[in-house]
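The values are calculated or read from the model by the stated rules, or taken from the named source; none is laboratory data. Bear in mind the structure is a predicted one, so any value in this text is a computation, not a measurement. Heads up, the Cβs are rebuilt from the backbone with ideal geometry, glycines too, and the neighbour counts pull from every protein chain shown.
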Amino acid sequence: MTSLPASQAMLPADWRDLFALTKPRVMSLVVFTALCGLLAAPETIHPVLGFTAILCIALGAGAAGALNQWYEADVDAQMKRTRSRPLPAGRLDRQTALHFGVGLSALSVILMGLATNLLAAAILLASILFYVLVYTVWLKPRTAQNIVIGGAAGAFPPLIGWTAVTGDVSAMPVLLFAIIFLWTPPHFWALSLFVRTDYAKAGIPMLPVVSGLATTRRHVLLYTLPMVAAAVAPWPLGLAGSLYGWTSIVLNAIFLVLAVRTAMNRAEEPSGMKPEKQLFGFSILYLFILFAAVVADRWISL
Ligand code: HEM
Ligand SMILES: CC(C)=CCC/C(C)=C/CC/C(C)=C/COP(=O)(O)OP(=O)(O)O
């Protein structure tokens, strides 16, 4: 029997499966970046409304994850990494997942509109539709560029958090969007290199399956360069101070070194892919620390 994370161990079985449907581990970083967008905004929001906004983003992101798993149940059944999810493992039926996903999506968008403003609710709805329809249904089964465009869905949360407070969109939240948008390809392609046989088996045209290891490794480095530029930009542009600036320089230097080592690696087997594994693991830490620095920098400047 596999051990459960502490956050899931205390829930009764059915709730545990519904919770797992929301991809809680991935969504924790999505929600964290949204919270940072909300806390870095130049105005304030009543704490109850701020909490409600973050709850809505968590519910919306979880609903999108559930709809993704509803649509991909057959594909998930073919991959080692995903076959123990509630739907392919047969612990939950597809209709329940569909109702859960649609209901939670509607609830999150309506509540966001009531608690904050229509722009934030509209961007939340657009992110859910983008992830489910544009990425999952349209691009993912068709093109190796799926995550380049489809990954935009995961870049919206800080913009939504910020907009929930201010009611409009300015340069800094657009940069926060750009950082996650450009971060997604190296984040995912690093991982895709060492789980590529799974994707090949399931017939999903991810880059290493379609174009090979060397091209994917070059693409990891290619997308890291504009990501570094976008991540450092807030300091020289005067949108953030030196705390953010120095944190960003250190994080981006490490990311770049790992991306170069990935690009230079020639290993064919996952056992030789240490740089790729390190880059994937660091990509998560990178985003957590970078977004925490956005907030810390704003607070010390108040
Ligand atoms: C289309 C874009 C993306 C793709 C294809 C992708 C894919 C993946 C995959 C396949 C994993 C492995 C773990 C799992 O099976 O769930 C993963 C892990 C993870 N991703 Fe992404 N990801 C994307 C975007 C994002 C975004 C936008 C965030 C957050 C801002 C994020 C945060 C994470 C985190 C925190 C993990 C680690 C989860 C764990 O510890 O199990 N990902 N990602
Ligand atoms: C507010 C809102 C709607 C946010 C959405 C956030 C979002 C789209 C995050 C993307 C993260 C993610 C789990 C990608 C993996 O999809 P996949 O289907 O390729 O992964 P899988 O193979 O593990 O199912």
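Structural remarks
- Every listed requirement among (1) crowded, with 18+ Cβ neighbours inside 10 Å; (2) touching a residue at least 40 places away in the same chain (Cβ under 8 Å) is met by L243 save one, (1).
- Cβ pairs under 8 Å, 6+ apart, first in the range 17-32 and small (G, A, S), second within 9 Å of ligand 2 (Cβ to nearest atom): A20/R85
- In the range 133-146, of all residues being in a loop (DSSP other than H, G, I, E, B) and crowded, with 19+ Cβ neighbours inside 10 Å, the one that is nearest to ligand 2 (Cβ to nearest atom) corresponds to K140.
- Top-ranked residue in the range 30-69 [being part of a helix (DSSP H, G or I) and of a type in the set (S, T, Y); ranked as surrounded by the fewest Cβ atoms within 10 Å (Cβ to Cβ)]: T52
- Looking across G150, G161, G154, G103, one residue alone is part of a helix (DSSP H, G or I), within 15 Å of I54 (Cβ to Cβ) and not hydrophobic (A, V, I, L, M, F, W, C). It is G161.
- Of all residues making up the range 32-50, the number that are within 20 Å of the chain's Cα centre (by Cα) and not β-branched (V, I, T): 8
Matching residues to (1) part of a helix (DSSP H, G or I); (2) under 22 Å from the mean Cα position of the chain (by Cα):
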position: V210; (1), (2): yes, no
position: R217; (1), (2): yes, yes
position: P236; (1), (2): no, no
position: N252; (1), (2): yes, yes
position: T262; (1), (2): yes, yes
position: E268; (1), (2): no, no
position: Q278; (1), (2): yes, yes
position: L285; (1), (2): yes, yes
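- Listed conditions (1) within 13 Å of ligand 2 (Cβ to nearest atom); (2) under 14 Å from A164 (Cβ atoms); (3) aromatic (F, W, Y) are all met by F51, apart from (1).
- Condition met for A178 (assigned by TED's automatic domain parsing to the domain that holds Y286, under 21 Å from G281 (Cα atoms) and more than 13 Å from ligand 2 (Cβ to nearest atom)): yes
- Criterion applied to I149, I179 was being surrounded by fewer than 17 Cβ atoms within 10 Å (Cβ to Cβ) and within 16 Å of ligand 1 (Cβ to nearest atom), and the one residue passing it is I149.
- Hey, R85 at pLDDT below 95, in contact with an Asp or Glu (Cβ under 7 Å, 6 or more places away or on another chain) and within 12 Å of ligand 1 (Cβ to nearest atom) or not: no
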